[in-house]
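Beneath this line is the structure, given in structure tokens, with notes to follow.
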Amino acid sequence: MKILKLNFQNLNSLYGEWSIDFTDDAYVQNGIFALTGPTGAGKTTILDAICLALYGRTARLDKITKSSNDIMSRQTAECRAEVIFSSQAGEFLCQWSQRRARNKVDGALQDTAQEISVLEQGEWKLLATKKKDFDQLVEEKTGMDFDRFLRSMLLAQGKFDNFLKADVNTKSAVLEKITGTKIYSDISQRVHRRSATEDEKLKLLRAQIEGIQLLSEQERVEISEQITQNRQQEVQLQTQLKQLDVEIQWHRNVEQLRHELTQAKAQQVSLETDKEAFAAQGAVLDTAIRADRLKDAYAALHTIREEQRKAQVLQQQLSLQVPQLIEALTTKNHVYQVTENALLDLKKQWETQQPIWKQVRALDVQLKEQQKRLHEGAIALREVQDRQRQFEREQQNYQEQLNHQEQQLKASEQYLSQYAQDKHLVEKLSGLALSFQQLKQGRVDVLRQQQAHTTRREALQTLEQAIASLKADKQALVDRQQALQQQHSQEQQKYQQMMQGKALSHYQQELDHAREKKALIQNIHDVAAIRERLVENEPCPVCGSEHHPYRVSIPALNTYDDQIAQLSAMIRQIEQLEKSVRHLEDKLKDRQHEISLKDSELLNKTSYFEQTAQSLKEEKEQIAAIEQALQVREQQLLRELSVFSVNTLDETSFAQLDWRVRQWQYHAELQEKIQADLQPLREKMAALQAEQKLLHTDMQTRQMRLNEQHDGYAQVQQERFKLFGEQDVDQLEQQYQQQMRHAEQQQKQAAEQRDKVKSSLEDAQGRLQQITEGVQQRATQLIHQEERFITQLNQHGFEQESLFIQALLPSSQLLALQAQAKTLADRETQLNALMADRSERLKVEENKQLSQTDLVQLETEKQALLPQWRGYIDQIAAAEERLRQDDRHQLSLADKQKQIIQQEQEAARWKTLKALIGSSDGSAYRNFAQGLTFELMISHANQQLRKMSDRYVLLHDRENALSLNVLDAYQAGEVRSVRNLSGGESFIISLALALGLSKMSSQKIRVDSLFLDEGFGTLDEEALEVALDTLAALHEDNKLIGVISHVSALKNRIGTQIQVEPLHGGRSALKGPGVSRG
């Protein structure tokens, strides 16, 4: 995992939006950078922003929630953090943010928001917004939860040696994630489960083989002899039954043939009746068939007749239409002549009026021009008059302004003279106000610190109570654990007493044997009828035995009920005890785990209580010092304000002072402005008076010229009235043009109507002649066609055409009669064939004479023999099934024995593997694999450690899994515990471990960014130089190392730096490569 870019807003002292691009060339080329700045400037805030974006929490704070956010910058309404990182899974964007209600600084905190997106084809695709999904995806894509992130990638203040001093489980979890050794836990658990499964399979096979019972050789021989005897008897009975079946079937065949002959004769009588009923319809059918042969000839004749009729009707219509069209043509010629004469008259009038219209138009143009000049002159005169009135209004306005400015100037001079001392207040008020606001903010901060101090003191009391409660809870858990251990011992003792040194399968086998014996007795009772027919020394028809011990004396059905009930109850009790013991063992493990958790929680809270108590004491002293400083500043500020007659420090006093300053500034600026504005006003007044005189002279000249133009316009207007009156030339000309267009249109319409009538007449005359010729030709053809058709009628037996038409039938009716006639013929043919066949077959069967016995007696004999034959069949089947079942049992027994041998080998193999690496919790193989991984990590760490110091060597504690010791070469090779190291020693070794972890990677995680917060202050100058060289060398592995420290040598040694510079008001700013502000 590698951090590529960081964006954040309003976190602690870093107000506003900031961005750090870790892909900048400076980071890529150097691989190591330093975060520098004074204490409290905000260096660690940059690491907090990374933690917030990924996990919603920081190393210094717990989860940021709706009720608590101590990282949002003061007096801001929102904060956020974004990180872009890359891993084997791709490139991802994690976002965290929180805002206040209504986006106001005093609004209540809202729920935090988190999002994770993946970069696909150059665009961010949203993956999750819900908190649960977000946390799961971040851990999946980074390969680390928050605690593992702090131990392997971001070593925060005070937590640099967390991995070094972590317990075995914590180290195991970190190594499992970073190196991908979880598979060994899975393998160990699967081996454990597989071994148990194979053992269960072996037990099941052994139990199955115990329930298989086989027949003896003597029993098999007796059963085979019984089968042979029964089969001979069955063959004799089967021969008799077959002969009876043949005779019975012969009787039935004869009776069936006689019955079929009787039915055929009845059908023949019915057929004759149907033929007589169809006789009349048959005659109609013959006539219709003859008429149907002439149908096509008649259709052709009918077509010619219809064509002739239609032509004669049309000939008559055209003979009437031609005279009407001749008369209409004469009328249309007259109308055309009238419209042509009207058009010629209008054209003559048009030519007569043209000279008069031309003269009137010239006068109209002259009038229009003079009217335009009159209008322009009137407008110009009005403009001059308007300008004169405007100048009068301006002159009056300027005079009023001049009087008002002089009055204001006099009032301002009086005010400035009366309040001359406020001139100094203008210069000092901003500084005094700033001091007052700082004092006020200081009081607010003190009050907030006091409230926070009180809250933390109350929280400390609550923590003290929680510690006491934890101790009580732990003691209660210890007591419950002891009670559970006692109960477990009692249950274990009961179990051993009940088992009596035997396995559960032993009691299960006894139960199965008892149940089999009970089933055997039940079978004996079920064959009571067979048992009664048994004779001593004679074979049994079922099993073939000659000895029958249960023929007279039969065991009772409930003989084994008590034994089965006792064994079932004992097995249930044993299984219940096993379940109870396992349950108690699980509860003991859970109690031990709870006690361990309580110990850990008690230790953490006790340590936190002591640190918080010391912090509260120092905080109280700091608040008292701040209060004293604020009192001194307040007295000094009151002395400065007394010069301006102010004796109290409050908002009202400063508001009055601010009003006084604004009044002084207003009157001073007003005095200066009025003095500057008076002279231009006076000059403007003089200019307006001179221009007004010129406008008056221009107005008189324009009035005289306008009167002369009015006289000339009246003279031209009188001349035009004498010539043409008040008529409009253009309108009259348009009327003439419209009349001529109308006359031309009427002439055109008359010509079109005349031509249309003329064309219709010519067409009608031509069609009349054509139709007349066709009628004459068709009349001759019709005579020949009718003569030919009459001849055909006579040939087919029709005297006249009407009889032919009467004989014609519709196609459907004709087809129906034909089908009915065919059906009758087919029935007659089939009946004749059937009667002949059945008569012949009956004669053959009667000649056979297969039996002299009647059918009823034969069927009675068959019913008497069938039960005997079926009894022999059942006995043979039962005996053969016993032999087949015994064969299957023998095969199954051999197969089971073979399976048991194979399963014993398989179970032994898995048992051996389980002894090596198997365990229920997966620890056996995992601890072995992680031991190797731990050795590899120690090797990587020692490589880094040798670069920094030749004094220390990390050793794997063989007696304690995943535990470390340190060999001190400067103390004669003494082996020391990691918990007995100094601060500088812990830092060097923790740094070596962190670098060793970063060198290790699996297919899931690769640590390519490492951030170190403080810790270098514990190193001497030489060790510091070596540590920095070691970190810088990691650039070869494409790793990015970030260092935070106050050590000046470290800041001078690292060229690439992000500087955190404090500003006024508790704010800070960032400066460095890749840094930008939004």
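Here, each number is a calculation from the coordinates, and none is a lab measurement. Remember, it's a predicted structure, so these values are computed and weren't measured experimentally. Heads up, the Cβs are rebuilt from the backbone with ideal geometry, glycines too, and the neighbour counts pull from every protein chain shown.
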Phi to ³J(HN,Hα) by Karplus 6.51 cos²θ - 1.76 cosθ + 1.60 over segment 632-643, Hz, x for Gly, Pro: 4, 5, 5, 5, 5, 5, 5, 4, 5, 7, 4, 4
Two decimals is fine: what's Rg over Rh for segment 782-928, C-alpha atoms, Kirkwood radius as Rh? 1.65
Sorted from fewest to most neighbouring beta carbons within 10 Å, what does the list Lys822, Lys896, Lys423 look like? Lys822, Lys423, Lys896
Long-range HN-HN contacts of Phe1011 with modeled amide H, under 5 Å: Leu154, Leu155, Gly1042
Whole-Hz Karplus ³J(HN,Hα) for segment 657-669, in order, using 6.51 cos²θ - 1.76 cosθ + 1.60 and θ = phi - 60°, x for Gly and Pro? 5, 5, 5, 5, 5, 5, 5, 4, 5, 5, 5, 5, 5
Please report the Cα spread of segment 907-990 along all three principal axes, rounded to whole Å, starting with the longest. 54, 21, 21
Please quote Rg/Rh for the chain to two decimal places, taking the Kirkwood radius as Rh and restricting both calculations to Cα atoms. 1.29
Using all C-alpha to C-alpha distances in segment 356-479, build P(r) with 5 Å bins and read off the rounded percent in each one. 2, 7, 5, 5, 5, 5, 5, 5, 5, 5, 4, 4, 4, 4, 4, 4, 4, 4, 4, 3, 3, 2, 2, 2, 1, 1, 0, 0
To the nearest Å, what is the center-to-center distance of segment 426-474 and segment 380-418, using C-alpha atoms only? 64 Å
Exposure proxy check on Thr58, Thr44, Thr912: fewest-to-most Cβ neighbours within 10 Å is Thr912, Thr44, Thr58
Give the separation of the Cα centroids, segment 242-275 to segment 905-982, in Å. 106 Å
Along segment 877-889, what does the Karplus equation 6.51 cos²θ - 1.76 cosθ + 1.60 (θ = phi - 60°) give for ³J(HN,Hα), rounded to whole Hz, x for Gly and Pro? 5, 5, 5, 4, 5, 4, 5, 5, 4, 5, 4, 5, 5
Based on DSSP H runs of at least 4 residues, each adding -39500 (n - 2.57), what is the mean residue ellipticity at 222 nm of the chain after dividing by all its residues, to the nearest 500 deg cm²/dmol? -26500 deg cm²/dmol
For Glu17 paired with Ala819, estimate the spin-label separation in nm (one decimal), with each label point 7 Å from Cα along the Cα-to-Cβ line. 9.1 nm
What is the antiparallel percent of DSSP beta bridges lying wholly in the chain, to the nearest 5? 80 percent
Ordering 724-735, 470-481 by per-residue average of other C-beta atoms within 10 angstrom, highest first, gives 470-481, 724-735
Considering segment 44-88, what Rg and Dmax in Å follow from its alpha-carbon atoms? 11.3, 41
